[in-house]
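Taking it in order: structure first as structure tokens, then the write-up.
The values are calculated or read from the model by the stated rules, or taken from the named source; none is laboratory data. What you see is a predicted model; the values in this text were computed from it and never measured. Here Cβ is always computed from backbone atoms with ideal geometry, including for glycine, and neighbour counts include all displayed protein chains. For accessibility, only protein heavy atoms count, side chains too; no ligands or nucleic acids. Shrake-Rupley method; radii C 1.70, N 1.55, O 1.52, S 1.80 Å.
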Amino acid sequence: MDKILDGKLVADEILEKIKVDLKEYIEKGYRPPGLAAVLIGDNPASKIYVSSKVKTCANLGYYSEKVEMDKNSTMAEVMSVIRNLNEREDIDGILIQLPLPDQLDESMILFSVLPEKDVDGFHPTNLGKLFIDEPNMVPCTPLGIMALLKKYNIELKGKNAVVVGRSRIVGKPLSFLLLRENATVTICHSKTQNLAEITSRADILIAAMGKKAFLSYEHIKDDAVVIDVGINRVTDLDEAKRFYPDSEKRWKSVIEKGSTLVGDVFPPAMKEKSSFYTPVPGGVGPLTIAGLMMNTFLSYTQRLK
Ligand code: NDP
């Protein structure tokens, strides 16, 4: 049996379903959903992320708008842009691409987006709804991961789920979603003691730490389901060979393109010990964008009402 949880495949299915649902609205004469992506500064990775989100919007038939702002933008300038987007009828979702330049107050900016247009699910109102078991706009990566687990019929009820990482983007919201599905959830972080002792009891292990291939054989229970959220760049060929002993393609990527990617879990350990796992890339990454498109569509349908 194939052990891979194919995030790309599930993401494509989600997007295809949105396309079909949207067609009905368009045929009834409604406007398309609108997403505005605010990009402040010139972080190359952020530019790539925003371009790929805009491209996905175009494929789905969403209207999208890239608002590019100078890296020296002031709080007043950013707040004014958000105010304007908040007021626009044709914009259903506003995403603020992180990280922000140092002079800007991230929380204040994220919280100034109207909760109903907060398609990243970072506003306290939306996080609070998740906390009280009435989720509406849920952070995109956890939303995508839950869709993946559902698609593959991974049983969560009564299972031990261990989430390594407690960020407000991934770890915390995902923990609440797993709890909602009646998993017994443990959250680990950088101050957790005896990490391997805890993770090796996990039926479902979620790695969201941002630490290259950190979790290994001793951290993974036999036949666990492993969701590897981490995206880390590997530029060293010896390291690439250690992470991917059987993949010349990966080595070639380091030699020819300068890097390959690895998650937070040591790939040979994940392959050997898990019953199912998400690859990097092609696992959680595409689901994050699918989650964003789901949230934008949700906002659209709610706002049309
Ligand atoms: P953050 O840096 O915000 O959080 C990392 C978390 O990991 C923190 O809670 C930290 O603990 C914990 N941590 C760090 N080191 C250890 C350790 N040694 N043992 C246990 N816990 C540890 O990261 P994000 O949540 O934003 O992202 C995590 C990873 O997921 C990154 O690689 C990121 O690139 C990737 N990512 C991928 C996405 C995708 O679409 N595939 C989307 C979003 C993120 P503490 O709180 O104590 O500091």
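Let me have the 222 nm mean residue ellipticity of the chain computed from DSSP H runs of 4+ only, each contributing -39500 (n - 2.57), with the sum over all residues rounded to the nearest 500. That comes out to -13500 deg cm²/dmol.
The residues of the chain have, on average, 49 Å² of accessible surface per residue, using a 1.4 Å probe with all protein chains present.
Cross-link pairs exceeding 21 Å in C-alpha to C-alpha distance, out of LYS159/LYS211; LYS47/LYS151; LYS17/LYS53; LYS221/LYS252, comprise LYS159/LYS211; LYS47/LYS151; LYS221/LYS252.
Relative to the Cα centre, what is the charge dipole magnitude of region 186-305, using +1 at the beta carbon of each Lys and Arg, -1 at the beta carbon of each Asp and Glu, and rounding to the nearest 20 debye? Could you put the intermediate results ahead of the total?
Working: 16 positive and 14 negative charges, 108 e Å.
The calculated dipole for region 186-305 is roughly 520 debye.
Restricting the calculation to Cα atoms, region 206-291 shows an Rg/Rh of 0.96 when the hydrodynamic-style radius is the Kirkwood one.
Taking every alpha-carbon pair under 8 Å whose residues sit at least 6 apart, region 28-115 reaches a relative contact order of 40 percent.
Order the peptides 87-96, 19-28 from the highest to the lowest mean number of other Cβ atoms within 10 Å of their residues.
Ranked from most to least packed, the peptides come out as 87-96, 19-28.
Annotation: peptides 136-148, 293-305, 54-66, ranked by per-residue average of other Cβ atoms within 10 Å with the highest first, follow the order 136-148, 293-305, 54-66.
Go through region 157-248 and name the trypsin sites (Lys or Arg not before Pro) that are in a DSSP coil and have 10 or fewer other Cβ atoms within 10 Å of their Cβ. Intermediate results must be reported in sequence, preceding the final value.
Numbers: sites: LYS157, LYS159, ARG166, ARG168, ARG180, LYS191, ARG201, LYS211, LYS212, LYS221, ARG233, LYS241, ARG242; in loops: LYS157, LYS159, ARG166, ARG168, LYS191, ARG201, LYS211, LYS212, LYS221.
Answer by residue number: LYS157, LYS191.
Give the carbon-plus-sulfur fraction of the accessible surface of the chain in %, rounded to a whole number; probe 1.4 Å, heavy atoms of protein chains only.
Working: 7850 of 15030 Å².
About 52 percent, which is the carbon plus sulfur part of the accessible surface.
Each residue of region 234-239 was assigned a 3J(HN,Hα) from its phi angle through the Karplus expression (A = 6.51, B = -1.76, C = 1.60, θ = phi - 60°), giving 10, 10, 9, 5, 4, 5 Hz with x at Gly and Pro.
P(r) tail, region 28-115: Cα-Cα pairs separated by more than 19 Å, 39% of all pairs. Kirkwood radius, the chain, all distinct C-alpha pairs, inverse of mean reciprocal distance: 20.2 Å.
What separates the Cα centres of region 74-92 and region 171-250 is a distance of 38 Å.
Using a 10 Å cut-off on Cβ atoms, rank the peptides 38-48, 4-14 from the highest mean neighbour count down.
4-14, 38-48
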